[in-house]
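The structure appears below as structure tokens.
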Amino acid sequence: MRLVVIWVLGAVFAGQAMAWDPIGHMLVCQSAYDQLTPAAKTAVERSLEAFNTKNHTNYTFVTVGCWMDDIRGTHKEYAPWHFIDLPYNRDGEPFPVAWQVNALWGIRHCAAIIKGERTDSKVDKDQALVMLMHLVGDIHQPLHTINRDGDAGGNKVVVPNIEDAMVEAFPNRRNLHYFWDSSYRREMKNGKVVETLAEPPSLPSDPAKGHANALPLVVEQAARLGKGYQPEKFPATGTPEEWVRESHAQGYDNVYQILPGGDGANPATLDQAYVDNARALAEQKLVQGGRRLAALLNELYK
């Protein structure tokens, strides 16, 4: 069964930049849910109920953070919404123009729809909420904000020492972007970059039900991370543009500048220091992404 699941998921997502893996997106949403005001929690739960009714799905606030990735095979028009490529320099300038379709544009667009300031014939307020939840997570993955010399956010940088069932089945996933998607649950062992937490099997025929298999793990890990990254040091401050700039700077400094070799032509064999640094940064970004998502939803639904 696990091999069948891996085959189907690989067939759908091979070669696509995903941002956080499903557990990562659910960790962002779990962290956010725990910090919603009562008014915002009531409003978003009502909106999600309407979303599920219209789409014949059964997502929760936590699992719906994966919806935009679940539909990538059938809704290719949303592909540019998942990332924003700032130039490969320390300050990320020139910054993309405001009307260019990317992750930051998507966050602003969805927020405006929720507030009633903008309409979209394909995106109502309920879907805008779902998309907003995913996109806030996306921009906290550094490789969704930076593109080094056309390397597609690290997708073209081979990392030969990643080991898990997915890359065994689909070797083209053995790249830098794939590593960062799950870097918060990676460690070095005998020279290989392996999983510390295995992702529970999914159900391609019913993604929402499949993601629900991971909920106990998500609740446990969200509580652990929240204690490890206190809000006093990692607050829910800033604007979406500032979050993008922050992730870009971290991508420049913590993804590329310390990368052990590796560019579009040469593989990058990761070492202990790189993997440890990536795990700590990714954990921080997941927690902050959740706090910032909660602050944004509390404002939108106040």
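Only Cα pairs within less than 10 Å get springs; with that Gaussian network setup on the chain, which residue of Q30, Q250, Q230 has the largest fluctuation?
Checking each option, the largest mean-square fluctuation is seen for Q230.
Which links in K76/K122; K76/K156; K233/K302; K122/K285 stretch past 24 Å when you go from one Cα to the other? Display every interim value, and only then the final one.
Working: K76/K122 13 Å; K76/K156 21 Å; K233/K302 26 Å; K122/K285 30 Å.
Beyond 24 Å: K233/K302; K122/K285.
Select from L27, L197, L143 the residue whose mean-square fluctuation is largest in a Gaussian network model of the chain (Cα-Cα springs shorter than 10 Å).
Evaluated over the chain, the most mobile residue of the options is L197.
Counting only other residues whose beta carbon sits under 14 Å from that of R90, what net charge do I get with K and R as +1, D and E as -1?
Computed value for this residue: -2.
Using amide H atoms built in the peptide plane, which far-off residues or other-chain residues are under 5 Å from V193 H to H?
I162, E163
Name the long-range amide H neighbours of L86: under 5 Å, sequence gap of 5 or more, or other chain; modelled H, no Pro or chain starts.
Correct list: I146, N147.
Report the residue, chosen from L135, L203, L176, that carries the largest GNM mean-square fluctuation when the chain is represented by alpha-carbon nodes joined by springs under 10 Å.
Evaluated over the chain, the most mobile residue of the options is L203.
If we count every other residue with Cβ under 15 angstrom of R186's Cβ, Lys/Arg +1 and Asp/Glu -1, where does the sum land?
Neighbour charge sum, excluding R186 itself: -3.
Laboratory data are not the source of any read-out in this text; all were calculated from the coordinates shown. All values derive from a computational prediction rather than experimental measurement. Note that each Cβ is placed from the backbone with ideal geometry, even for glycine, and that neighbours are counted across all protein chains shown.
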